[in-house]
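A short worksheet on the structure shown next.
The values are calculated or read from the model by the stated rules, or taken from the named source; none is laboratory data. The shown structure was predicted, so the numbers you read here are calculated from the model rather than taken from an experiment. Don't worry about glycine lacking a Cβ; one is built from the backbone with ideal geometry, like all the others, and counts go over all protein chains shown. We work out accessible area using only protein heavy atoms, side chains counted, and drop any ligands, DNA or RNA first. Shrake-Rupley method; radii C 1.70, N 1.55, O 1.52, S 1.80 Å.
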Amino acid sequence: MNRFRPAIFLRRYSMGRPSPYNARVDSIENEGEGKFVQTRKINYTDAAGKNRIWEMAIRPTRTETTGIDAVSIAAILKDANGKKNVLVTKQFRPPTEKVVLEFPAGLIDPNESVESTAVRELLEETGYVGTFSHSSHKEMPLFSDPGLTNANMALAFVDVDMNDERNQNPVPQLEDGEYIDVVKVPLKGMLEELRKLCTSEGCVIDARLYHFAEGIEIAQKI
C-alpha cells in the first residue's frame, strides 16, 4: 500500500475546486463600537464568486508602530542547576465563565515595540524581570481566532534568570480589576502538569498554551 496515497487524492480533489485565494473582501460595515472590542459586518466574495456576509470582532487599539495588537509571552525560567520552567497565569475570563490557564500577555501600547511590551507585560502580570530573546513577529503574523476576529499577536520568548535578586520575590504590578495568579510549570512534562491543574482546579486552558505544550510533548517523543 502506498502510504502517500491519501495526500495525493486530496491534492487531486482540491484541483477541481476554486482556490481559497480567489476570495476577496468587498466592504466592511460598522456594527458596534466598544472601548476594546468592536464588531463589523464583512461583505465578501467567496472563492466561487458568490457574495457572502461574515461577522467579526476587531480591536480598535492596534497601533501603527507594529501593526500588531498584542504579545503573548513564553517566559523561560532558568536556574543555576539548568532546570527550566515556564510561567503560566491563571485569571477569570468572563466569556468562558472559567479561570483560564494562559501565557502572560498584553496589548501593545502606542509607540511601543514587541520587545518592550513583552518585558513590560511580564513584569506587570508576574513580577518577574526578564530579557527579550526572540519573537515570531519578524517571521510571520499570528492570528488568534481568524474565524471571529482580525486580532493578531506575536509570540515573544523572554529569558528569566532565577539568580537575579529581583526574581527572588517577584511582585506583580497589576492594574485595578486584574486578579492574576502565577504558577511555574516545568518545561519537561509541561502538558501533564497543565492537565493536572485543569483537573484539580476545574480551570480551562487557552488553546495557544495547549498547542505549545503539546508541541513540546510530541517533539520529546519523537
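Here are some notes:
- Considering the stretch 111-131, and only residues there that are without any contact (Cβ under 8 Å) to a residue 40 or more places away in the chain and among the polar types (S, T, N, Q), the residue that is most open to solvent (accessible area, probe 1.4 Å) turns out to be 131.
- Test: residue in the stretch 181-188 that is surrounded by fewer than 19 Cβ atoms within 10 Å (Cβ to Cβ), of a type in the set (A, V, I, L, M) and in a strand (DSSP E or B): yes
- Enumeration of residues in the stretch 132-168 that are over 25 Å from residue 194 (Cβ atoms), more than 15 Å from the chain's Cα centre (by Cα) and either open to solvent by less than 60 Å² (accessible area, probe 1.4 Å) or not basic (Lys, Arg) (or both): 139, 163, 164, 165, 168
- For the stretch 196-211, the candidate set comprises residues that are open to solvent by 40 Å² or more (accessible area, probe 1.4 Å) and within 22 Å of residue 155 (Cβ to Cβ); within that set, the residue that is farthest from the chain's Cα centre (by Cα) is 204.
- Qualifying positions in the stretch 68-95 - free of Cβ contacts under 8 Å to residues at least 24 places away in the same chain and either out of contact with any strand residue (DSSP E or B) (no Cβ under 7 Å at 6 or more places or on another chain) or open to solvent by less than 40 Å² (accessible area, probe 1.4 Å) (or both): 81, 82, 94, 95
- Selected residue (only one of 29, 55 is open to solvent by 60 Å² or more (accessible area, probe 1.4 Å), assigned to a strand (DSSP E or B), without any contact (Cβ under 8 Å) to a residue 24 or more places away in the chain and among the acidic types (Asp, Glu)): 29
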